[in-house]
Each structure stands twice: as structure tokens, then as C-alpha cells.
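K.L.:
Take this structure first; my questions come after.
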Amino acid sequence: MIIKLIGDLEQELCSLGLKPGDEVGAVKDSVSKVGAMNFDVHKNGSTYHCVVWPENYEIITNPNTQTT
């Protein structure tokens, strides 16, 4: 699923170059009881496993733009 990042993001996400308004492909966290989403970011030859909380994303139902 595609999510759009919103609000004040965690510093770790910002340091990876993510910002509010970015759209990423994500999957629901299988053990989260609060709606966390997981996604990977590739930067400088490394893969970073990221999590974002419900207050920092909205689900995009009709993705019309390129994802990161």
C-alpha cells in the first residue's frame, strides 16, 4: 500500500531524506496494535528498515504519483 508521510517526522526519518508529503510503499506491521507501518529506504548503498506511526501517515487510496 502507498502512504503519504505527514506531520513532524522522527529525526531518524528526516536524516534519511524523508519529509512530509513524501509517498512510500509500506506494509502494516504484523504485531502492532496501534497501526504502525513498515517500509525500507535505500540510501548510499544501505537499506534502512523504517517504521512510522499513525499520526505521521495517511493511506493513499488512488496513487497517481511516483513513489520513493
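The values are calculated or read from the model by the stated rules, or taken from the named source; none is laboratory data. Just so we're clear, the structure is a prediction, and the values are computed from it rather than from any experiment. Here the Cβ positions follow ideal geometry from the backbone for every residue, glycine too, while neighbour counts run over all protein chains shown. With ligands, DNA and RNA removed, areas are computed over all heavy atoms of the protein, side chains included. Shrake-Rupley method; radii C 1.70, N 1.55, O 1.52, S 1.80 Å.
K.L.:
Pairs please, first residue from segment 1-28 and within 14 Å of F39 (Cα to Cα) and among the acidic types (D, E), second anywhere and in a strand (DSSP E or B) and open to solvent by 40 Å² or more (accessible area, probe 1.4 Å), Cβ atoms under 7 Å, 6+ apart in sequence or on different chains.
P.N.:
Sorted first by the residue in segment 1-28, then by its partner, the pairs are E23/K4.
K.L.:
Right, here's the next one. Report yes if some residue within segment 35-46 is open to solvent by 30 Å² or more (accessible area, probe 1.4 Å) and either of a type in the set (V, I, T) or in contact (Cβ under 8 Å) with a residue 40 or more places away in the chain (or both); otherwise report no.
P.N.:
no
K.L.:
Here's a follow-up. List the number of the failed condition for D40; all other conditions in (1) outside any strand (DSSP E or B); (2) at pLDDT 95 or above hold.
P.N.:
For D40, the failing item is (1).
K.L.:
For segment 8-34, what are the residues that are assigned to a loop (DSSP other than H, G, I, E, B) and exposed (fewer than 12 other Cβ atoms within 10 Å of the Cβ)? First the steps, then the outcome.
P.N.:
Filtering segment 8-34 for residues assigned to a loop (DSSP other than H, G, I, E, B) gives 8-10, 16-22, 26, 29-34.
D8, G17, K19, G21, S30, V31, K33, V34, listed by residue number.
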